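K.L.:
The structure's right below; bear with me while I get my questions together.
The values are calculated or read from the model by the stated rules, or taken from the named source; none is laboratory data. For clarity, every value in this text was computed on a predicted model and none was experimentally measured. Counting neighbours? That spans all protein chains shown, and the Cβs are built from the backbone with ideal geometry, glycine included. Side chains are part of the model used for accessible areas, which takes the heavy atoms of the whole protein and leaves out ligands, DNA and RNA. Shrake-Rupley method; radii C 1.70, N 1.55, O 1.52, S 1.80 Å.
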Amino acid sequence: MTDNRNGTRHLIAAPTDGERLDRMLAGQLADLSRSRLKALIEDGHISLVSSSGVSSSQISPSPSPGTGEEAGATITDPNFRVKQGQNFAIFVPEPVDAVPRAQAMALDVVYEDASLIVIDKPAGLVVHPAPGNMESTLVNALLAHCGDSLSGIGGVKRPGIVHRLDKDTSGLMVAAKTDRAHKALSAQFAAHDLERAYKALVWGVPSPREGRIEGNIGRSDRNRKKMAVVEGRGKTALTHFRVERQFGLAASLVECRLATGRTHQIRVHMAHIGHPVVGDPVYGGGETKRRRRALTQEARGKLPEFGRQALHAATLGFEHPESHELMTFCSELPNDINILIGCLEKI
């Protein structure tokens, strides 16, 4: 059967017996993630052509779905066990336009090439569209900025978001522009092979001034909308911290380095040891009488205007997915945090 759709066709021979089809293909096709290949299998884009003697010009997806081993059968089970010498035809459709619409917005681009883009995200910018907030996000902005340079993540022309920052956390983020880059960067994040350092203005002065916070993070039993340090469940989390500057006994500027990447990790961990991030509306505990007494009048006036958690992603380092060069990017503290620090310095 002739296939007139636009896309790319591959012919892959199974090198060994007994491996899962999706795992075998992921090992042969570096440009496609395993999740993408699994979706292609389930969508009927992979067929068993024959055990030998098939040229690439003979490849076309079969119209007969199934999981049998007859030549021409379309394989729809990612767990299909391959046999050595079997040839599989893979059809990868051209990427379709992303559902979020492109919106031209000012972006602080720190670095960009054909594989990825690093941006310095301002506080207040949501990363990904979600119900109730489908526009004016970082993804919308990247769709407009990158345009045709996006080759498709998971078959869709969209930036590959491999990590996120909370809406009101500022700082460095990297996004992939190709499936290959997305796969490589996601693997680095999963293996915790990236360098990520944050600057946090916290209440009080941690003692000791340097250390590590370990504690599983999961949904709070008291409030399911919040995360918390939990026992016997949740996900392992580790944060290294170091006090950089002290402002009397009122507050301190702390560097936090992530060994894991859990939801709200720094905010939860710092609150757990009694030094929540200043301005944090969820985990900060508010401006108590004791905290107010430790502040100057100027600082008391500035805090209500601040309006967000004083947390900034200051350093981001990773291995480039194509050149394998180690790349490190740094971002200075934004003006709003610096203004607050200026007030605290007068304590």
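K.L.:
Say we look at the range 329-347 and pick out the residues that are modelled with pLDDT of 95 or more, open to solvent by 80 Å² or more (accessible area, probe 1.4 Å) and not charged (D, E, K, R); which of these is farthest from G171 (Cα to Cα)?
P.N.:
Only one residue fits best here, namely N335.
K.L.:
Another one. If I ask for residues that are charged (D, E, K, R) and open to solvent by less than 50 Å² (accessible area, probe 1.4 Å), which ones from the range 204-263 would you list?
P.N.:
Of everything in the range 204-263, just one residue is charged (D, E, K, R) and open to solvent by less than 50 Å² (accessible area, probe 1.4 Å), namely E255.
K.L.:
Another question, then. Would you confirm whether or not the range 307-319 contains a residue that is surrounded by fewer than 19 Cβ atoms within 10 Å (Cβ to Cβ), among the acidic types (D, E) and either closer than 30 Å to S115 by Cα or modelled with pLDDT of 95 or more (or both)?
P.N.:
Yes, that holds for at least one residue.
K.L.:
Okay, moving on. Given the criterion of a type outside the set (F, W, Y) and under 28 Å from S323 (Cα atoms), identify the matching residue among A228, A200, A191. Steps first, answer last, please.
P.N.:
Details: A228 fails: under 28 Å from S323 (Cα atoms); A200 fails: under 28 Å from S323 (Cα atoms).
None of the other options fit; the residue is A191.
K.L.:
Now a separate question. Let me confirm something: among S170, S151, which residue is among the small types (G, A, S), in contact with a strand residue (DSSP E or B) (Cβ under 7 Å, 6 or more places away or on another chain) and under 23 Å from L40 (Cβ atoms)? Give the steps one after another, and end with the answer.
P.N.:
Details: S170 fails: under 23 Å from L40 (Cβ atoms).
It is S151.
K.L.:
Would you pick out the residues in the range 271-301 that are buried (at least 18 other Cβ atoms within 10 Å of the Cβ) and in contact with a Pro (Cβ under 9 Å, 6 or more places away or on another chain)?
P.N.:
Scanning the range 271-301 gives H275, Y283, G284.
K.L.:
In addition: Just a yes or no: is a residue in the range 102-109 closer than 25 Å to I46 by Cα and either at pLDDT 95 or above or part of a loop (DSSP other than H, G, I, E, B) (or both)?
P.N.:
Start the filter on the range 102-109 by keeping residues that are closer than 25 Å to I46 by Cα, which leaves none.
No, the range 102-109 contains no residue that is closer than 25 Å to I46 by Cα and either at pLDDT 95 or above or part of a loop (DSSP other than H, G, I, E, B) (or both).
K.L.:
Let me ask another. Can you confirm whether P304 is open to solvent by 80 Å² or more (accessible area, probe 1.4 Å) and closer than 27 Å to L249 by Cβ? First the steps, then the outcome.
P.N.:
Numbers: open to solvent by 80 Å² or more (accessible area, probe 1.4 Å): yes; closer than 27 Å to L249 by Cβ: yes.
Considered against the rule, which asks whether it is open to solvent by 80 Å² or more (accessible area, probe 1.4 Å) and closer than 27 Å to L249 by Cβ, P304 comes out as yes.
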